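Notes to accompany the following structure.
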Amino acid sequence: MSASSAPLSAQGLSALEAPPSGGAASGGPSGGSSGGRDFARYLVRKLAAALVSFAVLLVVGFTIFSLMPADPVETLTRGRPTSPKQVAFLIKQLGLNQPVWERFGHFVVSTLEGHLGYSWQFQTPVATLIAQRLWPTLLLMGSSTVVSVVLGLWLGIHSGWRPGSHLDRVSTGSAITLWSVPTFWLGIILLVLFSTGFGPIPALFPAGGMSTPGTAGGLTPAHILDVLRHLVLPSLTLVLVVFAQYQMIMRSSMIDELGNPYLLTARAKGLRDIEVRNRHAVPNALLPSVTLVFLQVGTMISGAITVETVYSWPGLGYLTYQALQIPDLPLLEGTFIIFAASVIVFNLLADLFYRYLDPRVRRA
Amino acid sequence: MNAPRSLHRGRRPGRRPGSLRPATAMIAAALCLGLALAAAAVGAPRAAAASSGSTLRVEADTAFSTFNPFTAYFDADLNVIASIYPTLTLVNAQSHTAPYLASKWTVSPDKLTWTFTIRSGLKWTDGKPIRASDAAWTLNLIMHNSAAGTANGSLVADFATVTAPNATTLVITTKQPAANMLYVVNNLPIVPQHIWASKVSQLASFKNMTFPVVGYGPWVATGYVPNQYATMTANQNFFLGAPKYKTLIMQYFTNGDAAVTALRSGQIGEIDDLTATQFEALKHSKNITLYPSVSNAWTAIELNPGAQTKSGQHFGNGNPALRDPRVRDAIELAIKKPELVSKIWDGLAVTGSTYLPPAFPQWRWTPPAAQQLSYNPAKANQILTAAGYKMGSNGVRTDPSTHKPLILRLGIHSDETSDAQMAPYLQEWLKAIGIQVTVQSMSFTQLNTDLPKGDWDILSDTWSTGPDPTYLLSIQTCADLPANASTAGNTDAFFCNPSFDKLYAQQATEFGQAQRARTIDQMQQILYQNAVDIVLYYPDNLGAVRSSAVKDFFYGKPDAQDFYPQQYVFLDWQSAAPLSSGGGSSSTVVLWVVIAIVVVAALAVAALLLRRRATAGERE
């Protein structure tokens with residue numbers, strides 16, 4: 001990942017005097033109208049690839065869920081008196097009597113129309129259900145991702161800059177320990193400690209849900225604070241488990257940069273250590289972390305099934321789990337499409353962002 | 001790797017012109033955090049207040065899906081619906097039917113015509129009077145509209161006509177005498193015609209979530225936050241008296257342990273369906289009273305007696321050895337049921353025996369001592385040996401018909417802890433009689449999908465019932481076998497016995513309780529002797545109430561074994577009353593404030609130390 005591997009010769013030193021990072025300020029685009037055309041070609045190529053990926057997803061998603069052993073009518077009616085007439089009605093209503101090709105046609109049309117079909121168990125358009133759960137998931141995953149990225153990158157930068165330091169040993173050890181802890185277990189422990197209370201400490205946070213039942217909703221300060229109180233434990237659980245991956249990758253990238261001559265040049269120019277780190281080492285070490293961040297953001301809306309289940313957080317992860325229990329194929333297909341499309345979109349954005357971040361991509 | 005370290009070791013991080021000092025940033029962060037914590041402290045009592053006083057918060061059994069009584073399947077929905085819509089009868093604390101919307105009823109001498117007198121003077125929550133025509137309209141809709149019959153169509157299958165000759169008279173005629181009519185109508189919510197008439201065309205997708213919902217019951221549905229909770233307020237005009245609480249909130253927890261945590265901290269007032277482990281853990285909790293009640297459910301293993309269609313065509317790959325009743329008897333004799341109760345349920349279950357669970361003593365049958373198939377592995381071995389199942393040198397018997405080793409698959413629910421605990425015991429006990437068991441852990445869905453295909457040998461199964469056992473008995477009749485191998489019938493485990501079917505038809509027309517009970521006893525005897533469903537135990541219904549805040553939640557008195565009678569949420573929520581205490585919020589506020597002060601102080605100290613260190617670096 002080093003920006004330059006030139007030997008430390010006079011020529012090399014001259015080359016190294018230019019800021020080695022691929023930041024916005026450095027190494028302008030290949031310039032003029034040809035640069036614009038290059039970007040347009042690049043954009044079209046990436047968009048086409050994304051569209052092909054999406055089309056493949058439609059087929060794969062439908063095929064996978066169609067192959068699932070499922071008898072939703074049996075699951076819905078199990079334990080209740082059900083006449084053959086009722087069963088026949090449900091089969092027809094759920095579209096289970098349609099041939100596979102016809103169901104695929106409905107699936108594609110409903111996806112393109114945007115309502116994503118009709119949930120069997122909730123009797124509601126899938127798009128409506130997803131819209132209901134999107135905000136809770138974005139709030140939980142967004143807040144935990146932001147904190148994880150900031151914490152992980154900060155620790156990664158500092159521990160990687162001085163490997164073996166006290167901070168490095170403590171933070172790396174803690175991160176690896178927390179990374180290896182099962183999420184649901186950590187969630188339950190935090191839940192028991194902070195929602196039940198221990199010793200003289202009373203319960204500090206709610207045991208589940210996104211708001212206190214019976215309180216007024218809306219954008220009032222009291223409701224916002226209430227939601228934040230409910231957010232603390234699930235978000236903390238995710239942060240504690242997830243920040244390690246950012247820290248470890250950033251730390252590793254930083255260590256890779258430590259021996260590079262351009263740092264020596266920067267120091268030789270009299271830059272202070274913190275400037276060498278922040279202006280030269282960090283931008284070069286950032287690329288793998290950016291990849292990870294975009295991948296993580298892409299998968300963000302799929303939520304965190306375990307955390308949402310532990311804390312009764314009404315998000316998309318738990319919606320998927322509910323769909324699996326029936327199994328509610330339209331809902332599963334709909335959530336699959338949304339999750340996968342999100343990954344495709346953020347991969348596309350990552351590709352575009354790379355052009356901005358790394359001049360080598362522009363030159364490729 | 002070492003060179004850069006040596007280079008930067010002597011340098012201390014400097015401060016760029018215009019950038020914020022770390023110490024200053026930390027102080028700012030401390031202040032922000034302190035403000036946030038203080039704000040949270042202010043917000044806390046507001047939230048805590050919702051769980052006290054006139055609001056009862058309970059755990060919902062499942063997630064919510066719809067409040068449409070014509071299409072609802074899930075327990076949480078059904079509990080809401082039972083609270084906001086009336087039925088002709090209700091089930092009282094003794095598990096008997098009692099007047100509700102109908103104040104009295106008569107049945108014609110030929111037992112085919114039921115005349116219900118609708119209570120006069122009752123009004124829907126929008127002020128319109130409740131008339132017999134509302135009931136007639138509702139029942140006719142279920143009978144003649146497929147969408148309206150989605151959930152309850154089978155209950156009206158025997159109804160011939162439903163009419164309302166006047167505002168207070170409802171007449172139901174049936175195709176054949178129906179002894180369980182009063183229980184049937186207890187499961188059919190009546191809706192206001194003037195509200196629902198315009199919904200008929202969209203009944204299948206109508207969710208009935210426009211609040212307040214017009215109905216009649218002890219509660220009025222007034223709100224629903226998707227996937228979290230439903231809110232109901234007390235109906236002050238309920239004829240049995242308004243509930244003691246003004247508001248009832250049913251909150252759904254996706255995780256049972258979280259619900260227990262909420263009970264311990266006072267966020268909810270009641271919880272049921274506890275596991276034995278949770279129940280034991282709550283035993284020593286202050287302010288919580290435990291209520292084990294008599295079971296209305298059983299857990300069994302069902303043995304595949306040969307999957308077949310109504311026409312007798314066999315299908316599936318079940319082990320043919322299980323068609324031999326001697327093998328099934330031997331399996332039952334090999335199982336030490338009391339040990340399952342003590343090891344898996346910590347004694348919080350009743351050892352299994354017969355088909356109908358102990359919650360309803362009117363249907364309880366105990367097999368005579370001579371017929372009991374209690375744990376006796378020696379006798380089991382004796383039966384198998386006498387039947388020609390020779391023990392091999394590897395400890396596994398051979399089927400004399402197929403000459404194959406006696407190896408059976410045991411399908412268990414992967415999401416049921418008790419199933420996973422039970423499986424090794426069954427393996428060990430059946431091994432002792434020369435039967436090898438391979439465990440297949442399956443999801444609920446997978447297991448339900450495999451069941452009608454007949455591709456199984458032994459499956460774990462659980463059923464519960466209300467006070468009318470008709471449905472639980474019906475799933476053992478030949479009529480519930482599938483029509484062909486590709487369609488699922490309602491059959492429990494492909495049991496089919498003409499004598500049983502004859503008795504089933506007979507009990508359906510027996511209006512005398514004692515007479516019907518005798519017939520049902522005979523049916524249970526047939527099931528017991530055929531050992532297709534081996535009932536392992538009846539797990540107790542384990543509930544808990546935050547007794548420092550709620551009183552009179554559970555009704556009745558415990559029996560000699562400390563079991564309460566079967567409970568119904570309709571009565572629980574009606575009888576529960578608030579206690580004045582149950583605070584604790586003030587101590588939480590104080591704690592939050594203390595935490596805020598400590599955090600601010602700690603960060604301020606850290607900031608000062610950082611500043612000193614930075615200055616020292618610059619001095620170097």
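The values are calculated or read from the model by the stated rules, or taken from the named source; none is laboratory data. For clarity, every value in this text was computed on a predicted model and none was experimentally measured. For neighbour counting, all protein chains shown are included, and Cβ atoms are generated from backbone atoms with ideal geometry for every residue, glycine included.
Taking helices (runs of 4 or more DSSP H) as the structural unit, those lying wholly within the stretch B:467-549 and holding at least 3 residues that are within 14 Å of chain A (Cβ to nearest Cβ) and in contact (Cβ under 8 Å) with a residue 12 or more places away in the chain correspond to B:470-474. In the stretch B:229-279, the residue that is nearest to the other protein chains (Cβ to nearest Cβ) out of those that are in a strand (DSSP E or B) and in contact with a helix residue (DSSP H, G or I) (Cβ under 7 Å, 6 or more places away or on another chain) is B:Y252. Among residues of the stretch A:281-295 that are free of Cβ contacts under 8 Å to residues at least 24 places away in the same chain and over 11 Å from A:E257 (Cα atoms), none has a Cβ under 9 angstrom from a residue that is of a type in the set (V, I, T) and in a helix (DSSP H, G or I) at a sequence gap of 6+ or on a separate chain.
Checked against (1) of a type in the set (A, V, I, L, M, F, W, C); (2) part of a strand (DSSP E or B); (3) surrounded by fewer than 20 Cβ atoms within 10 Å (Cβ to Cβ), B:V437 meets all criteria but (3). Based on what the data block shows, is A:G95 on the phi > 0 side of the Ramachandran plot and either surrounded by 14 or more Cβ atoms within 10 Å (Cβ to Cβ) or assigned to a helix (DSSP H, G or I) (or both)? Answer is yes for this residue. Taking the criterion of being surrounded by fewer than 19 Cβ atoms within 10 Å (Cβ to Cβ) and either part of a loop (DSSP other than H, G, I, E, B) or within 14 Å of another protein chain (Cβ to nearest Cβ) (or both), would at least one residue in the stretch B:419-428 satisfy it? Looking for residues that are surrounded by fewer than 19 Cβ atoms within 10 Å (Cβ to Cβ) and either part of a loop (DSSP other than H, G, I, E, B) or within 14 Å of another protein chain (Cβ to nearest Cβ) (or both), one finds none in the stretch B:419-428, hence no.
Applying the condition of being out of contact with any strand residue (DSSP E or B) (no Cβ under 7 Å at 6 or more places or on another chain) and charged (D, E, K, R) to the stretch B:58-98 and asking which residue is surrounded by the most Cβ atoms within 10 Å (Cβ to Cβ) yields B:D77. Restricting to the stretch A:205-227, give me the number of residues that are facing chain B (nearest Cβ under 7 Å) and either over 16 Å from A:W313 (Cβ atoms) or surrounded by fewer than 19 Cβ atoms within 10 Å (Cβ to Cβ) (or both). Result for the stretch A:205-227: 4.
Summed over the stretch B:144-161, residues that are surrounded by fewer than 22 Cβ atoms within 10 Å (Cβ to Cβ) and either of a type in the set (V, I, T) or more than 11 Å from chain A (Cβ to nearest Cβ) (or both) total 4.
Among the residues here, A:P72 qualifies as at pLDDT 75 or above and either under 23 Å from A:V345 (Cβ atoms) or not aliphatic (A, V, I, L, M) (or both). Candidates in the stretch A:261-282 are the residues that are in contact with a Pro (Cβ under 8 Å, 6 or more places away or on another chain) and farther than 16 Å from A:S159 by Cα; of these, the one that is nearest to the other protein chains (Cβ to nearest Cβ) is A:R272. The lone criterion from (1) modelled with pLDDT of 95 or more; (2) not in a loop (DSSP other than H, G, I, E, B) left unmet by B:S154 is number (1).
Exactly one residue among A:S312, A:S235 is among the small types (G, A, S), crowded, with 23+ Cβ neighbours inside 10 Å and at pLDDT 95 or above, and that residue is A:S235. Just to check your reading of the model, which residue among A:P72, A:P136 is touching a Pro at 6+ places or on another chain (Cβ under 8 Å) and either facing chain B (nearest Cβ under 8 Å) or closer than 30 Å to A:L286 by Cα (or both)? The match here is A:P136. Annotation note: of A:L324, A:L352, the sole residue that is assigned to a helix (DSSP H, G or I), surrounded by fewer than 24 Cβ atoms within 10 Å (Cβ to Cβ), within 14 Å of another protein chain (Cβ to nearest Cβ) and over 15 Å from the mean Cα position of the chain (by Cα) is A:L324.
Might you check whether a residue that is among the small types (G, A, S) and in a helix (DSSP H, G or I) occurs anywhere in the stretch A:197-218? For the stretch A:197-218, residues among the small types (G, A, S) and in a helix (DSSP H, G or I): absent.
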